[in-house]
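The values are calculated or read from the model by the stated rules, or taken from the named source; none is laboratory data. Source: prediction; values computed, not measured. Neighbour counts are summed over all protein chains in view; Cβ atoms, including those assigned to glycine, are modelled from backbone coordinates with ideal geometry.
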Amino acid sequence: MPEWIIEVSDLNEYVRRTLAADPTLRSVRLRGEISNFKRHSSGHWYFTLKDARCRISAVMFRQNAMRQSIRPMDGMSVIVSGQVSLYAESGTYQIYCENMRPDGVGTLYQQFEALKRKLQAEGLFDAARKQPLPWRPRKIAVVTSLTGAVLHDIRRVSERRDPGVPLVLLPVQVQGAGAAEEIAAAIRHAGDLPEVDVIITGRGGGSMEDLWAFNEEIVARAIAESPVPVISAVGHETDTTIADFVADARASTPSNAAEMAVPDRRETIAGLRGMREHLTDSVQSLIQDYRLTLMTLHRRMTASAPEQRIHSLLSRTAAQKARLNAAADGQLPGLAHRIAMDGIRLNAAMDKHVTAPQERIDRAKAKLAALNPSAVLERGYALVMDGERVVGSAETANRLEHMTLRFHDGSVRVAKEDTHGG
């Protein structure tokens, strides 16, 4: 009987067709907890569904993923519907999901959130308690697995940036039983090592279970109690652990952690050269300023010398005297003419203001003389007075017994003659 031999591809294709022909597997609703979730750049979702005993690979293609309202993450319990089949090229048995809806929260995710709330309430995540990274550490302690790409990446980046910064490796398990205890003990030990100024702890990417050691409380408290700053470099950029929240700094990758811890020597040298050039320019500028200041002070001291000041004063006095003499010589003829004209105008004004009043006085005197009773009396007239009153009519005079006749040189008292006696 001939031996029946088939190719691997034929076997995988046979299994695929067999699974596809089973009507039960064409439409399956499956409950499980998401683990190791990856969102590919193409838009496809790749993850693992697991329960307490088993797991299955799962994929949801972009056209189905775009329709979902759920935002999957590790630890989430979901119900998916789809078709079970085989990916022939890799021989991977998996479920091709068409729909996904949440079905509560998985156990690990619940533990993660509970510890996160507890430590946050204690203030372990507060920015105020985080320590700044040193500018250039004397030594860097690396707490990670002896095997794997993490140590290689950190060493490669560190040597490229500054080979003068030594690395101290503290090898630990990064997953599995006892890993959290080893990591916490190594972090505490690293903080006691002489000249260690920063600690990097972390591991490569993986599922939530793979990274779980960095979600343990013992590791979180070891990081929080470290006397030197700790950089957390756990998983990929999309992975988040409790260690990331507690650490003084979080790196997206181990390479990024090395870049954060070790300054680039070339940039440092370039910066120092720039500082040297700046200092040289500043010193030269300062010397130039001092030189100008000294020259100014010298000129001031020379100008302030007594003999120089006396000479300057004499020169200024002579110049002012010459200007005064020239001004006087130029202005005296004009001043003499102005004075003569002012004298003429003053005399005319005096004549006007003295002669006119005198004429007015003479005219007043003439009027007063014409109106003076004494002048009238001198011409032969007399005033008939009754005491101090002037007798102005014959009727008034006939009633009087005595009257006084006032002449210009005296008075005569007369009595009324009786005309009826005989």
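Filter segment 248-295 down to the residues that are within 30 Å of Arg221 (Cα to Cα) and either β-branched (Val, Ile, Thr) or without any contact (Cβ under 8 Å) to a residue 40 or more places away in the chain (or both), then identify the one that is surrounded by the most Cβ atoms within 10 Å (Cβ to Cβ).
Val262
Would you check if there is a residue in segment 208-230 being under 31 Å from the mean Cα position of the chain (by Cα) and within 17 Å of Ala186 (Cα to Cα)?
Residues of segment 208-230 that are under 31 Å from the mean Cα position of the chain (by Cα), as a first pass: 229.
If we keep only those that are within 17 Å of Ala186 (Cα to Cα) as well, we get 229.
So far as segment 208-230 goes, yes, one or more of its residues are under 31 Å from the mean Cα position of the chain (by Cα) and within 17 Å of Ala186 (Cα to Cα).
Checking the condition out of contact with any Ser or Thr (no Cβ under 8 Å at 6 or more places or on another chain) and modelled with pLDDT of 95 or more, which residue from Ala222, Ala247, Ala270 passes? Talk me through it step by step, then tell me what you get.
Working: Ala247 fails: out of contact with any Ser or Thr (no Cβ under 8 Å at 6 or more places or on another chain); Ala270 fails: modelled with pLDDT of 95 or more.
Sole residue among the options that is out of contact with any Ser or Thr (no Cβ under 8 Å at 6 or more places or on another chain) and modelled with pLDDT of 95 or more: Ala222.
Given Leu193, Leu211, which one is farther than 30 Å from Cys54 by Cα and of a type in the set (A, V, I, L, M)?
Details: Leu211 fails: farther than 30 Å from Cys54 by Cα.
The match here is Leu193.
Quick one: which of Glu33, Glu3 is within 25 Å of Glu209 (Cα to Cα), acidic (Asp, Glu) and not in a helix (DSSP H, G or I)? Let's see the steps before the verdict.
Working: Glu3 fails: within 25 Å of Glu209 (Cα to Cα).
None of the other options fit; the residue is Glu33.
Kindly state which strands (runs of 3 or more DSSP E) lie completely within segment 76-161 and contain at least 2 residues that are surrounded by fewer than 19 Cβ atoms within 10 Å (Cβ to Cβ).
Details: elements: 76-87, 92-105, 139-144.
Filter on segment 76-161 gives 76-87, 92-105.
Could you tell me how many of the residues in segment 400-412 are exposed (fewer than 11 other Cβ atoms within 10 Å of the Cβ) and either basic (Lys, Arg) or part of a loop (DSSP other than H, G, I, E, B) (or both)? So that I can check it myself, show each step before the final result.
Residues of segment 400-412 exposed (fewer than 11 other Cβ atoms within 10 Å of the Cβ): 401-402, 409-410, 412.
Those still in the list that are either basic (Lys, Arg) or part of a loop (DSSP other than H, G, I, E, B) (or both) too: 401, 409.
The total comes to 2.
Kindly provide the set of residues from segment 210-221 that are surrounded by fewer than 19 Cβ atoms within 10 Å (Cβ to Cβ) and either touching a helix residue (DSSP H, G or I) at 6+ places or on another chain (Cβ under 7 Å) or among the small types (Gly, Ala, Ser) (or both), ordered by number. Don't jump to the end; show me each part of the working.
Narrowing segment 210-221 to residues surrounded by fewer than 19 Cβ atoms within 10 Å (Cβ to Cβ): 217-218, 221.
Within segment 210-221, Glu217, Ile218 qualify.
Using beta carbons and a limit of 6 Å, which pairs, at least six apart or on different chains, have the first residue in segment 191-209 and in the same structural domain as Val174 (by TED's automatic domain parsing) and the second one among the basic types (Lys, Arg)?
Listed pairs, sorted by first residue: Glu195/Arg138; Glu195/Lys139; Val196/Lys139; Asp197/Arg138.
Would you confirm whether or not segment 59-69 contains a residue that is assigned to a loop (DSSP other than H, G, I, E, B), aromatic (Phe, Trp, Tyr) and surrounded by 14 or more Cβ atoms within 10 Å (Cβ to Cβ)?
To start, the set of residues in segment 59-69 that are assigned to a loop (DSSP other than H, G, I, E, B) comprises 61, 66-69.
From what is left, the residues that are aromatic (Phe, Trp, Tyr) are 61.
Filter once more, so that each one left must be surrounded by 14 or more Cβ atoms within 10 Å (Cβ to Cβ): 61.
Yes - at least one qualifying residue is present in segment 59-69.
Which residue out of Glu98, Glu122 is charged (D, E, K, R), without any contact (Cβ under 8 Å) to a residue 60 or more places away in the chain and in the same structural domain as Ala243 (by TED's automatic domain parsing)? First the steps, then the outcome.
Values: Glu98 fails: in the same structural domain as Ala243 (by TED's automatic domain parsing).
Residue meeting the stated conditions: Glu122.
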